[in-house]
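Okay, structure first, notes after.
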Amino acid sequence: MTSDTAKTDQKEMIRWLWKGYMRAYRLPLMLAMLLMLAEGLALGGLSYMIKPMFDVAFSSGSTTSIIWVAVVVAGIFIVRAFAAFGHRVLMVHVGQRVGANLQSDMVAHMLTLDSNYFRDNSPGTLMERVRGDAQAIATIWEVVLAAVARDVVSLLALLGVALSIDWLWVVVAVAAAPLLTYPMGILQKRVRRTTTDSRSAAAQISTRLDEIFHGINSIKLSGTERHEQSRVDREISAFAKTHLQSQANQGAIVAMVDIIAAVGFFGVLVYGGLQINSGVKTVGEFMSFFTAMALVFDPLRNLGKVSGGWQAAIASLTRIRDVFAQRPTILSPAKPAALPAKASAADIVLKDVNFAYGDTPILRGTSLVAEAGKTTALVGASGAGKSTIFNLLTRLADAKSGEVSVGGADVASLPLDQLRGLFSVVSQEALLFDETLRDNILMGRKGVDEKAMKHALDTAHVSDFLPRMPDGLDSPAGPRGSNLSGGQRQRIAIARAVLRDAPVLLLDEATSALDAKSEKLVQEALDTLSKGRTTLVIAHRLSTVRDADKIVVMDQGRVVDQGTHDELLARGGLYAQLYNLQFQDGSGGAQHSIGQNESTPAMPAERPTPDRWSFRRLFTGGFWGRKRD
């Protein structure tokens, strides 16, 4: 990127930040800048009062003159104190509001993006964008505006006082300043680069910690605590190294200002001292000039800090703009169609559907029909494409070719909210939030009466264990539902689906991870829930789908057979092989579930490192803990 292009990009980013976030707070910003101006002028006034202090008050011995000078100097300090306090409070208020708005908008925008975006970006990276980068932008503005208003005004006022005494002394003091231009430019570029590296390293730490805390039980059981600790240590060391480099480069900018100050003061002391000795200048003039120039280097140092800090802020702002530049590809159609059939009477049809994750084909000409009001089971080994069908139906992904329709309407022709409102999903890993059981069941729904809630609790058998919870429905579920057993989490998820009352039910191996007693209760709840609904079931334990109206057998992205349980066994194809494999020891499939913990190949972009990939595969069963085809 050329220098001109970089400057243009910076101007565009500043304009975007001002219009979108800063302009709404222009009144408190203007007041803060006025207070900064007052603080900056106070320094000039203080240096100016040094001359009458020495040449009038002290030399004359007049008590009145001494009191007058003392009152003025004290007044300057009082004005400076109130101005500094006022603008700092205002700037912190504006900075925090801007930071909060940025974070809120970033999360809102991220929630509109496709699932691919979250596969390509780790949770730690996204959290660092939302928290770290947004806060960096919020806090830097206090420093930047303080530099523009207070420090620049201080610099001009102090230079004005110095010039009024002797312009030649000023030239001597700043003669070495042009030497800063080239090295300052180099340091600014380094600050921006190392800050970007530092943010990336911080994101890696967040990602690593998220993985460890998510898989803590597996880590303990496998005895890999030291291994995981060493991996965290490497990430922390990498962050410390890059952060140190960033801070060192910013510190070097300030240090260079001090070196220039040393050269300037040396020249002024020698040249000015000779003029005082010869009687050309008074002690008061020299002290006033010396104070002004001494104070000049304080705003200069602040401006040096801002120079480095601004480059760090630009790095964060670039990363934030990158997030907002992302656009979802799965959208509601501009002219949405209406569902031709009543939702409860709508057949689900896939016709010659092809789909791939990157270059890896998943579905190859898949065709099937799930009849309205009936249960259709999808069976097959890992990688057959079963979960992908669910993603295509709900448009978490779009087919590359072929037709996916509900009630005769292509899913891409329906509004997203209407389409997804047709489905209730109960998966193998019930997703619960660290909120109350009530909140996890309602999921933001308003106006749910007690009768509807009781029906959902009874249908899902939540009422069976609710009396044992310390606060009933208001008991906390804990992080990822950790306060509940696996069966209890599944029943909460089923209660959520009952309350949602959608016409189509998608069951993604909802009972596979449960003990026999819990499985029986959950299966009863699912049987009740599926009555009168179009139900699609992903099944690994074939014993759970023997009574399905239709069983669709999949292999490597293709439908290879379909029919009832008895028909498929009689034909002796792949289904019969899978069934015999599970039941050959008379266990009913408990030890021989086919295709559990399916995993999608990594997307080409930002492919995880080998050790991290194996960690996710081992402890989460797929990308970010989601079981996929």
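The values are calculated or read from the model by the stated rules, or taken from the named source; none is laboratory data. In this text the structure is predicted, and so the values were computed from the model without any measurement. Please note: Cβ atoms are built from the backbone with ideal geometry, for glycine as well, and neighbour counts cover all protein chains shown. Calculation scope for accessible area: heavy atoms of the full protein, side chains included, ligands and nucleic acids excluded. Shrake-Rupley method; radii C 1.70, N 1.55, O 1.52, S 1.80 Å.
Considering only the range 536-554, I want to know if a residue exists there that is touching a Pro at 6+ places or on another chain (Cβ under 8 Å) and free of Cβ contacts under 8 Å to residues at least 40 places away in the same chain. Talk me through it step by step, then tell me what you get.
To start, the set of residues in the range 536-554 that are touching a Pro at 6+ places or on another chain (Cβ under 8 Å) comprises none.
For the range 536-554, residues touching a Pro at 6+ places or on another chain (Cβ under 8 Å) and free of Cβ contacts under 8 Å to residues at least 40 places away in the same chain: absent.
Evaluate the range 119-129: report whether one residue or more is open to solvent by 40 Å² or more (accessible area, probe 1.4 Å) and more than 13 Å from the chain's Cα centre (by Cα). Within the range 119-129, none of the residues are open to solvent by 40 Å² or more (accessible area, probe 1.4 Å) and more than 13 Å from the chain's Cα centre (by Cα).
Listed conditions (1) touching a helix residue (DSSP H, G or I) at 6+ places or on another chain (Cβ under 9 Å); (2) open to solvent by less than 40 Å² (accessible area, probe 1.4 Å) are all met by residue 396, apart from (2). Candidates in the range 69-108 are the residues that are of a type in the set (S, T, N, Q) and touching a residue at least 12 places away in the same chain (Cβ under 8 Å); of these, the one that is farthest from residue 24 (Cα to Cα) is 103.
Taking the range 364-392 on its own, how many of its residues are of a type in the set (A, V, I, L, M) and farther than 25 Å from residue 574 by Cα?
Looking only at that region, the number is 1.
Scanning the range 426-447 for residues that are over 11 Å from residue 495 (Cβ atoms) and of a type in the set (D, E, K, R) yields 429, 434, 435, 439, 445, 446.
Scanning the range 491-506 for residues that are farther than 22 Å from residue 439 by Cα, open to solvent by 20 Å² or more (accessible area, probe 1.4 Å) and either at pLDDT below 80 or not in a strand (DSSP E or B) (or both) turns up at least one hit.
Within the range 421-479, being over 16 Å from residue 500 (Cβ atoms), part of a strand (DSSP E or B) and open to solvent by 40 Å² or more (accessible area, probe 1.4 Å) holds for one residue alone: 476. As a summary of the residue check, residue 135 satisfies the conditions (1) open to solvent by 30 Å² or more (accessible area, probe 1.4 Å); (2) polar (S, T, N, Q); (3) farther than 22 Å from residue 24 by Cβ; (4) in contact (Cβ under 8 Å) with a residue 12 or more places away in the chain except for the one numbered (3). Remark: residue 548 falls outside the filter, which requires a residue to be modelled with pLDDT under 85 and under 30 Å from residue 456 (Cα atoms).
A quick yes/no check of all residues on (1) in a helix (DSSP H, G or I); (2) open to solvent by less than 60 Å² (accessible area, probe 1.4 Å):
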{"residue": "226", "(1), (2)": "yes, no"}
{"residue": "240", "(1), (2)": "yes, yes"}
{"residue": "245", "(1), (2)": "yes, no"}
{"residue": "250", "(1), (2)": "yes, yes"}
{"residue": "255", "(1), (2)": "yes, yes"}
{"residue": "273", "(1), (2)": "yes, yes"}
{"residue": "280", "(1), (2)": "no, no"}
{"residue": "291", "(1), (2)": "yes, yes"}
{"residue": "294", "(1), (2)": "yes, yes"}
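Among the criteria (1) touching a strand residue (DSSP E or B) at 6+ places or on another chain (Cβ under 7 Å); (2) closer than 17 Å to residue 528 by Cβ, the one residue 436 does not fulfil is (2).
Exactly one residue out of 353, 411, 406 is among the aliphatic types (A, V, I, L, M), at pLDDT 90 or above, within 12 Å of residue 557 (Cβ to Cβ) and open to solvent by less than 30 Å² (accessible area, probe 1.4 Å): that is 353. In this entry, residue 344 passes the filter for residues that are open to solvent by 10 Å² or more (accessible area, probe 1.4 Å), in contact with a Pro (Cβ under 9 Å, 6 or more places away or on another chain) and assigned to a helix (DSSP H, G or I).
Does at least one position in the range 325-335 carry a residue that is more than 30 Å from residue 262 (Cα to Cα), assigned to a helix (DSSP H, G or I) and modelled with pLDDT of 80 or more? If you could, list the steps in order and put the result at the bottom.
Going residue by residue through the range 325-335, those that are more than 30 Å from residue 262 (Cα to Cα) are 325-335.
Applying the additional criterion that residues be assigned to a helix (DSSP H, G or I) yields 325.
Okay, now just the ones that are also modelled with pLDDT of 80 or more, so 325.
Within the range 325-335, one or more residues are more than 30 Å from residue 262 (Cα to Cα), assigned to a helix (DSSP H, G or I) and modelled with pLDDT of 80 or more.
If you go through the range 62-110 and pick out every residue that is under 15 Å from residue 45 (Cβ atoms) and open to solvent by 90 Å² or more (accessible area, probe 1.4 Å), you end up with 5.
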